[in-house]
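*Asks:* Below you will find the structure I want to go over with you.
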Amino acid sequence: MKQPVPAVLEYLPYRLTDVTAWRDATHHPYFAGHGYASVRVDMRGTGNSDGILFDEYLPQEQEDACEVIGWLAEQPWCSGAVGMYGKSWGGFNGLQVAARRPPALRAVVSAYFTDDRYADDVHYVGGCVLGHDALSWASHMLGMNALPPDPEIVGERWREMWLARLRETPFFLVEWMRHQRRDEFWRQGSICEDYAAVQAPVLLIGGWADGYTNAVGRTLAGLTGAGVPSRAVIGPWSHGWAEVADPGPRIGLLQECVRWWDHWLRGDSNDVMDCPPLRAWMQEYEVPAAHHRIRRGRWVAARRWPPEGTSVRTLIPRPGGALGSDGGPEAGQGGAVAREGGPVAREGGPVAREAHVGSALSGADAGAWCPYGDPTDFPPDQRAEDGLALTYTTEPLSERLEVFGTPELTAELVVDRPLALIAARLCDVAPDGRSLLVSRGLLNLCHRRSHASPEPVPVGEPTTVRLPLDVTGHAFAPGHRIRLAISSTYWPFAWPSPETVRLELVLGGGTRLDLPVRPPDPADEQISPFEEAERAAPPAGHVDHATTRASTREASGLVSLEVGSDEVTVLDQEQPFRFGERSTTRFSLHEGAPLSARAECQGEHFLQRGGWQITVRLRTSMSASDSAFLVTHELDAYEGELRVHAARDTVAIPRDHV
């Protein structure tokens, strides 16, 4: 027998013989070519595996993975050392499984993940229901889980397994909506509850355009503090592997994985731990567009998180839309107060209030919460959004200002309803007036003290809240202006409050925007460049993919956003295999009628090989009254022209301070 080798495991619910077959063919042969047994497993209840998948990230999923790892380590071709890698779901469960400490798991690569399932995922953001993604993602999983195993893999049992899957697999959204606060349901699987439970070294990957980037710095700090060897990279990327993702520049991520495993699974004395703990792409301004092929910038380094050497630049909103410092000669020149450490008390001048009532159009130009780099994904010019919000803008900057870390808004406000939310955006305004989204944040004001114990907002009383915006690395150029925009609606990202809210921002009191500012660091010039992207050749065949995104406003006041996706893959095998998904998600809201908010998804999943054809069609929706969310789903499954399964269900779920 040849020398045993380490094994690398990717563990997903995404159907290895079809849905991920194209991408798998570019990764796993590459790792095998570098001396690893590269293993891809369909989770219980998905693809060609037995059982039922009842939800995301359940203990059963983690226990199964530990069993798989133990089995791999015992094989005669395995050296006994196992690594895990994955992005998104695979990035989540690599960390979750590591926290269970299977003895053979020696290293992990996690991309586009979260350490806190409530704070950063498709369900809730800042205690707000993430209307943009919760329904559409649950619908996608419903359709994919309703597909059968492949008869060529599992044999004659395929139909029996399929029918059981159709009968028993739930619509995940129902359970997600039953947990509207951060309870034990979300704590399970959130490694931030105990970073020290993880012992395997971890390489963390994030992207500024991705939905999960906030977790990278937190996790790096948590693991490092627990003594876990860790490194992190944040590039400009959306939710795609960094060797192929937009926006670029792309990097040789697979080589980075191999170097990580060479060190931790083989014991090679390479320099993988000699690089800075965090390498991040400092982005420059780009003309706002729904797609960027590349983001200009440079690599910078940090030796810890939050980044060392940063100071806090405080900007104060003023009546009339100005955003500046706390007085002094620089106040009219876009200047601000730089300071070390936390907030400082300040007089701020006379107290004034500026009122705002949200619009149904606010959020229409938000782009996707978790972009995949499609032509319609990214936030376009924000000027229309800015016009629907309270906005505060500096004078043109006299010098370059690099923001690196977590911007934070402290807002003193008054609302006239006990259930309300706030959305804040940080924008880079070019000399020609175009407004580029840099960062944003959401907060359900009932969660101002705790995501676990929400409480109504005092009506008519000044309340001070702290709202962290998304982590960012962005350079504001001289001549550009910094803009803060605040609104009480942001549909469909945030499900609207049950009543129209009048929000008054108190100026001259405690309201301020704190920016983490990074000074120039000569050490950046010493960062070793990443290698050019490599991967194995994709399989024979082709992928056709198209997306659409369009918003409309009718004379009646109805505002709609429609997002479409159509993807078909053909694998040129002995008998060509064709599969794909088509979906349309529509979000609608009547101006001045927050209870009219509705999200609807219509989709179709299909498999076809010769005369074997499977089609799954679904319709799902979510709406709300003042007291409950209403979640519906319809699913029909066909073998050829014969309908073999039909399901219809409607569930009412009480609103819990949302």
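The values are calculated or read from the model by the stated rules, or taken from the named source; none is laboratory data. The shown structure was predicted, so the numbers you read here are calculated from the model rather than taken from an experiment. Cβ: placed from backbone, ideal geometry, glycine included. Neighbour counts: every protein chain shown. These accessible areas exclude ligands, DNA and RNA; they are computed on the full protein's heavy atoms, side chains included. Shrake-Rupley method; radii C 1.70, N 1.55, O 1.52, S 1.80 Å.
*Asks:* Condition first: open to solvent by less than 10 Å² (accessible area, probe 1.4 Å) and either under 20 Å from residue 20 (Cβ atoms) or touching a strand residue (DSSP E or B) at 6+ places or on another chain (Cβ under 6 Å) (or both). Now tell me which residues in the stretch 105-117 satisfy that.
*Replies:* Going residue by residue through the stretch 105-117, those that are open to solvent by less than 10 Å² (accessible area, probe 1.4 Å) are 107-115, 117.
Selection gives 107, 108, 109, 110, 111, 112, 113.
*Asks:* Within the stretch 1-22, how many residues turn out to be surrounded by 18 or more Cβ atoms within 10 Å (Cβ to Cβ) and either within 30 Å of residue 170 (Cβ to Cβ) or within 27 Å of the chain's Cα centre (by Cα) (or both)?
*Replies:* The first filter runs over the stretch 1-22 and keeps only residues surrounded by 18 or more Cβ atoms within 10 Å (Cβ to Cβ), leaving 5-21.
Add one more test, that the residue is either within 30 Å of residue 170 (Cβ to Cβ) or within 27 Å of the chain's Cα centre (by Cα) (or both), and what stays is 8-21.
Total satisfying the criteria: 14.
*Asks:* Hey, among 549, 512, which residue is buried (at least 22 other Cβ atoms within 10 Å of the Cβ) and among the basic types (Lys, Arg)?
*Replies:* Details: 549 fails: buried (at least 22 other Cβ atoms within 10 Å of the Cβ).
Just one listed residue meets the conditions, 512.
*Asks:* Still on this model: Could you tell me which of the residues 221, 209 is surrounded by 20 or more Cβ atoms within 10 Å (Cβ to Cβ) and of a type outside the set (S, T, N, Q)?
*Replies:* Numbers: 221 fails: surrounded by 20 or more Cβ atoms within 10 Å (Cβ to Cβ).
The conditions single out 209.
*Asks:* Suppose we filter 80, 94 for residues that are open to solvent by less than 10 Å² (accessible area, probe 1.4 Å) and touching a residue at least 12 places away in the same chain (Cβ under 8 Å); which single one remains?
*Replies:* Values: 80 fails: open to solvent by less than 10 Å² (accessible area, probe 1.4 Å).
It is 94.
*Asks:* Let me ask another. Take the stretch 143-168 and flag every residue that is aliphatic (A, V, I, L, M), open to solvent by less than 10 Å² (accessible area, probe 1.4 Å) and part of a helix (DSSP H, G or I). Please lay out each step first, then the result.
*Replies:* Restricting attention to the stretch 143-168, the residues satisfying the condition of being aliphatic (A, V, I, L, M) are 144, 146-147, 153-154, 161, 163-164, 166.
Then keep just the ones that are open to solvent by less than 10 Å² (accessible area, probe 1.4 Å); that gives 144, 146-147.
Within the stretch 143-168, just 144 meets the criteria.
*Asks:* Restricted to the stretch 23-38, and to residues that are of a type outside the set (Gly, Ala, Ser) and open to solvent by 30 Å² or more (accessible area, probe 1.4 Å), which residue is modelled with the lowest pLDDT? Working first, answer last.
*Replies:* Step one: filter the stretch 23-38 for residues of a type outside the set (Gly, Ala, Ser), giving 23-24, 26-31, 34, 36.
Adding the requirement that they be open to solvent by 30 Å² or more (accessible area, probe 1.4 Å) leaves 23, 29, 34.
Working: 23: 94, 29: 98, 34: 98.
Across the stretch 23-38, the extreme among qualifying residues is 23.
*Asks:* Among the residues of the stretch 169-213, write down those that are of a type in the set (Phe, Trp, Tyr) and without any contact (Cβ under 8 Å) to a residue 12 or more places away in the chain. Let's see the steps before the verdict.
*Replies:* Step one: list which residues in the stretch 169-213 are of a type in the set (Phe, Trp, Tyr), which gives 171-172, 176, 185-186, 195, 208, 212.
Selection gives 185 alone.
*Asks:* Related question: How about the stretch 182-224: which of its residues are more than 19 Å from the chain's Cα centre (by Cα) and among the charged types (D, E, K, R)?
*Replies:* 183, 184, 193, 194
*Asks:* Still on this model: Would you call residue 204 buried (at least 21 other Cβ atoms within 10 Å of the Cβ) and under 20 Å from residue 9 (Cα atoms)?
*Replies:* Numbers: buried (at least 21 other Cβ atoms within 10 Å of the Cβ): yes; under 20 Å from residue 9 (Cα atoms): yes.
It is true that residue 204 is buried (at least 21 other Cβ atoms within 10 Å of the Cβ) and under 20 Å from residue 9 (Cα atoms).
*Asks:* Would you mention how many residues in the stretch 552-566 are within 27 Å of residue 595 (Cα to Cα), surrounded by 15 or more Cβ atoms within 10 Å (Cβ to Cβ) and not polar (S, T, N, Q)?
*Replies:* At the first step, the residues of the stretch 552-566 found to be within 27 Å of residue 595 (Cα to Cα) are 552-564.
Filter once more, keeping what is surrounded by 15 or more Cβ atoms within 10 Å (Cβ to Cβ): 558-564.
With not polar (S, T, N, Q) added as a condition, the list becomes 558-559, 561-564.
Total satisfying the criteria: 6.
*Asks:* Could you please let me know if residue 313 is out of contact with any Gly (no Cβ under 6 Å at 6 or more places or on another chain), within 21 Å of residue 87 (Cβ to Cβ) and at pLDDT 95 or above?
*Replies:* On the way: out of contact with any Gly (no Cβ under 6 Å at 6 or more places or on another chain): yes; within 21 Å of residue 87 (Cβ to Cβ): no; at pLDDT 95 or above: yes.
No; evaluated as a whole, the condition is false for this residue.
*Asks:* Does residue 298 qualify as being open to solvent by 20 Å² or more (accessible area, probe 1.4 Å), in contact with a helix residue (DSSP H, G or I) (Cβ under 8 Å, 6 or more places away or on another chain) and touching a residue at least 40 places away in the same chain (Cβ under 8 Å)? Walk me through it before giving the result.
*Replies:* On the way: open to solvent by 20 Å² or more (accessible area, probe 1.4 Å): yes; in contact with a helix residue (DSSP H, G or I) (Cβ under 8 Å, 6 or more places away or on another chain): yes; touching a residue at least 40 places away in the same chain (Cβ under 8 Å): yes.
When the stated conditions are applied, residue 298 passes them.
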